[in-house]
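The values are calculated or read from the model by the stated rules, or taken from the named source; none is laboratory data. None of these values were measured; they are calculated from a predicted model. A quick note on method: Cβ atoms are made from the backbone with ideal geometry, for glycine too, and the neighbour counts reach across all protein chains shown. Accessible surface is based on the protein model in full, side chains and every heavy atom, while ligands, DNA and RNA are left aside. Shrake-Rupley method; radii C 1.70, N 1.55, O 1.52, S 1.80 Å.
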Amino acid sequence: LELKKERLERIIDALDGATKGKVTMTAFDNSDYETARKQYEVEAKQRWGETDAYKEHEQKTSNYNKDKWQEVNDGLMVIFAKFAECMKNGNTADSDETQALVKELQTYITENYYTCTKEILAGLGKMYVADERFKTNIDKNGDGTAEFISKAIEYYTNN
């Protein structure tokens, strides 16, 4: 998302410059984003490539184009933003509203990536706080969002 933000800022700057008679094409350089995406893809394959979930993910997403990936990933970020709002509204990790969001997250992952069992969901909840990249990205919705989601998932998967 940071790379995407930087790219959009370059596009805005380029368009602003174009209205003033300057010509630049660097705003449309997507190489940083593509490099990061490929790095994560390699890492995921190394860690989970032999699992049924990874194989299902490859099959389910094999025909996703750039726009579809954008749509699916944006949808996931919307759910994370809902968690942040829920937390800001004073809900606890075990509240009915928060637990409904955990179910929504699990369903969304299953529909768009791979079958998200309670075991997989529990692992994701831990990864959201253990992996600084995930934590930083999720916490853009508000400090503590990743921890809140992690606790909500832990409650959900243990009950």
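The condition of being of a type in the set (Phe, Trp, Tyr), over 28 Å from residue 5 (Cα atoms), open to solvent by 70 Å² or more (accessible area, probe 1.4 Å) and in contact (Cβ under 8 Å) with a residue 40 or more places away in the chain holds for only one of 155, 54, that being 155. With respect to (1) over 26 Å from residue 59 (Cβ atoms); (2) in contact (Cβ under 8 Å) with a residue 24 or more places away in the chain, the lone exception for residue 90 is condition (2). Criterion first (over 17 Å from residue 74 (Cα atoms), modelled with pLDDT of 95 or more, assigned to a helix (DSSP H, G or I) and open to solvent by less than 70 Å² (accessible area, probe 1.4 Å)) does residue 107 satisfy it? When the stated conditions are applied, residue 107 does not pass them.
Selection of the stretch 59-92 for residues being open to solvent by 20 Å² or more (accessible area, probe 1.4 Å), more than 14 Å from the chain's Cα centre (by Cα) and modelled with pLDDT of 95 or more yields 85, 87, 88, 89, 90, 91, 92.
Of all residues being at pLDDT below 95 and either crowded, with 20+ Cβ neighbours inside 10 Å or aliphatic (A, V, I, L, M) (or both) in the stretch 110-123, which is nearest to residue 62 (Cα to Cα)? Just the residue, please. Checked the stretch 110-123; the qualifying residue nearest to residue 62 (Cα to Cα) is 114.
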